[in-house]
Amino acid sequence: SISFLNGDYMPLEEARISPLDRGFLFGDGIYEVIPYYKGKSVGLMPHIERMINGLAAIEIKCTKTADEWKELLDDLVARNESMGDNLGVYVHVSRGADVKRYHPYPEGVEPTVFCFCFNIKDPEPVDRTKVTQYSLVSTEDLRWQRCHIKSTALLGNVIHFQEGYSSGADEALLYNANGELTEGSSCNAFIVKDGIIATPIQDNQILPGITRRIILDSLKADGSLQVEERTITMDEVRDADEIWITSSSKEIAPVTKLDGKPVGDGSVGEIWEKAFAIYTASKYDF
Ligand code: PMP
């Protein structure tokens, strides 16, 4: 596949960066993953805006405008058309390579910009009897207190993901020291109780997920389902009729098992199907 590195296009296997790159040494960078289905992106501008905000938050001076990013990413996807219908674009901007390893932000160093495409799965069917079901384990969220920044330093997330993976689950569902739901190790989380959908508020404990945003906005515009952003306790999660996890690659994935116990009646919920239909009908508008 064709990747982009610092202004040049090249085969992915040929892309090279310095071992002094601060992305490599410190995880000092910001990243994004944007889904494209048959060349059409979902949430491209919100993803770009989140990345620009993240770069500003950690003072990485990347001068590309939102429109320039859009042009670059659409162009990269077009160049990789032969890879398949469903592509994720990984975008990574690190603080760049200095002449030595030291902590302060260096002056006059060009950020490293690296993008490549990878295959993602077909969208799931809007059918509660056919969709892939997820099994989660819950664990205390021991990441840092800046989870709203989409940092390339993902060790905290990777450790939590592995906890789920090594116990045979698909994801780890995280809660804070007060027993309140935060998110998954690589996704946001929603619950449904008595027909009402809820998701944790957007603060420093979670990534402001673009899929989460598209769900909230499309459900509000549709108006047929009730949805709330609020604090959610793990007691509520364990008592929920439905649990969903959401991300750019999973879209809205129904969870039917938590810590080895069935969620609700153990089947995929009706509200999931309604919400996923609404999301699917409007996802390309974002
Ligand atoms: N939270 C975390 C920790 C994530 O890594 C991700 C996806 N990478 C998400 C939430 C979901 O974000 P999005 O919907 O923008 O993919």
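Each reported figure results from applying straightforward, stated rules to the coordinates on display, with no laboratory input. Quick caveat: nothing in here was measured; it's all calculated off a predicted structure. All Cβ positions, glycine included, derive from the backbone under ideal geometry; neighbour counts span all protein chains shown.
For the peptides 32-43, 13-24, 100-111, residues were scored by their other Cβ atoms within 10 Å and the scores averaged per peptide; the highest-first order is 32-43, 13-24, 100-111.
Each principal axis of the Cα atoms in region 2-119 has its own extent, and those three values, largest first, are 44, 29, 19 angstrom. Summing charges over all other residues whose Cβ lies under 14 Å from the Cβ of G223, with Lys and Arg as +1 and Asp and Glu as -1, gives 0.
Could you check which residue among T129, T199, T211 shows the biggest mean-square fluctuation in a GNM of the chain with a 10 Å Cα cutoff? Fluctuation is largest for T129.
Here the 3J(HN,Hα) profile of region 248-261, calculated from phi with Karplus coefficients 6.51, -1.76 and 1.60 at θ = phi - 60°, is 4, 8, 8, 6, 10, 9, x, 9, 10, 9, 10, 6, x, 10 Hz, Gly and Pro shown as x.
Rounded to the nearest 20, the size of the Cβ-charge dipole of the chain about its Cα centre is 420 debye, with Lys and Arg at +1 and Asp and Glu at -1. Just so you know, the Cα atoms of region 169-254 work out to an Rg and Dmax of 11.9, 35 Å.
Taking every Cα-Cα distance in the chain and sorting them into 10 Å bins starting at zero, the pair-distance distribution P(r) comes out as 6, 27, 34, 23, 9, 1 percent. Counting Lys and Arg as +1 and Asp and Glu as -1 over every other residue whose Cβ lies under 12 Å from the Cβ of D239, the net charge comes to -2.
How much mean residue ellipticity at 222 nm does the chain get from its helices, if each DSSP H run of length 4 or more adds -39500 (n - 2.57) and you divide by all residues, to the nearest 500 deg cm²/dmol?
The helix-only estimate for the chain comes to -8000 deg cm²/dmol at 222 nm.
Taking other residues whose beta carbon is less than 11 angstrom from the beta carbon of A153, and scoring Lys, Arg as +1 and Asp, Glu as -1, yields +3. Note on region 139-286: Rg/Rh from Cα positions, Kirkwood definition for Rh, rounded to two decimals, is 0.94.
Cβ crowding within 10 Å ranks C62, C115 as C62, C115, fewest other Cβ atoms first. Among S167, S3, S94, sorting on how many other beta-carbon atoms sit within 10 Å of each Cβ, with the fewest leading, yields S167, S3, S94. Since only A15, T132, Q162 are under comparison, the one whose Cα sits farthest along the positive direction of the charge dipole of the chain, derived from C-beta charges on Lys, Arg, Asp and Glu, is A15. Quick one: Debye curve from the alpha-carbon atoms of region 76-229 only, equal weights, vacuum; give me log10 I(q)/I(0) at q = 0.13 Å⁻¹ to two decimals. With no solvent term, the Cα-only Debye profile gives -0.85. Charging the Cβ of each Asp and Glu at -1 and of each Lys and Arg at +1, and nothing else, the dipole of region 2-119 about its Cα centre rounds to 260 debye.
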